[in-house]
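Beneath this line is the structure, given in structure tokens, with notes to follow.
Just so it is clear, none of the values below were taken in a lab; they were calculated from the coordinates. Quantities reported herein were computed from a predicted structural model and do not represent experimental measurements. Note that we place each Cβ from the backbone using ideal geometry, even for glycine, and neighbour counts take in every protein chain shown.
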């Protein structure tokens, strides 16, 4: 907001909600509403407060968001559109008409809502994910994330996003509801875990890190099995490789690190966040389906080396500058640590 003094907080929330909560009723703030909010008009304030501060809004993406999508109209040339790229189906209320939920099964039945099959839930197609995760440019025309575009380079439609970020299919039930007193129908289903660094070992599953000495260098070989970059998505995420060299008594001789990530600058050349950036000045992210070797000089007297592979949601420096205090964003998630004899 310091970079966009003409935008008010509610306007920022609505702009972000296009992907972070596509069920929001508004897509933009009119000039009349902005004036009303700035002047403290009670009616306007009440309308926006009830819309932006309710529990459903603060929950962000939930079951009702994805499974209420009736149609997808994603224009990849324009990038992710969030709510602009979908048509939602009827959404019922607790005391009103039933809504409709969509999914992969043609014969699913629920006592709480209507149920219909839609093709974007069937198979491993990533189309539904790409509604918000394909690509996006900021106001300067600079692409700030492109996970879907990175994925499309490999034409691995059969992989999709589900096997990695949900789970492989297993025999279970999609619902415990059983019509006419029978047993719930068994199906091949997935866990909706939406695996990330905070709730899974996904980086260990799809990234291999091996260290060894080679002459006067210590080499970390990193293989990315994912069909997109690491790190990918929001441009402040970082993969951190650390190597510590020790002598025969385990005394530390040197500590080295290499960061896989991106650096962004504003119109004055100062570090900033991707959505305000004018230029991407550095990108050391690893491409999908690739292997890179990172070399570190071995100091004299070194007998052992320890190396680690970790991940940050926001770079340490910018997190401090932005005033972030939530431990979820400040934490460094370590996925592997090894010790080797040189």
Completion exercise
For 85, 110, ascending order of other Cβ atoms within 10 Å (fewest first) is 110, 85
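Between residue 114 and residue 318, what FRET efficiency comes out of the Förster formula 1/(1 + (r/R0)^6) with R0 = 45 Å and r the beta carbon distance, rounded to 0.05? If you can, show how the numbers build up before the last one.
Numbers: r = 46 Å, r/R0 = 1.02.
So, using R0 = 45 Å, E works out to roughly 0.45.
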Fill in the blank from the handout: The rounded separation in angstrom of the Cα centers of segment 263-328 and segment 121-153 is 22
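May I ask you to compute the full-extension gain from residue 289 to residue 178, defined as 0.36 nm times their residue separation minus their alpha-carbon distance, rounded to one decimal in nm? Mind showing how you got there, number by number?
Numbers: separation 111, 0.36 × 111 = 39.96 nm, distance 4.36 nm.
Gain on stretching residue 289 to residue 178: 35.6 nm.
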Problem - Per-selection metrics, segment 62-194 (Cα): Rg and Dmax in Å - result: 16.9, 59
Fill in the blank from the handout: If 275, 228, 49 are placed from fewest to most neighbouring beta carbons inside 10 Å, the sequence is 49, 275, 228
Problem - Residues 161, 63, sorted so that the one with the fewest Cβ neighbours within 10 Å comes first - result: 63, 161
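Which whole number in µm²/s is D for the chain by Stokes-Einstein, with the Kirkwood Rh taken over Cα pairs at 10 °C and 1.306 mPa s? Walk me through the numbers before you get to the answer.
Values: Rh = 23.3 Å.
Approximately 68 µm²/s, per Stokes-Einstein.
Using only Cα atoms, what Kirkwood radius does segment 202-341 have, in angstroms?
16.3
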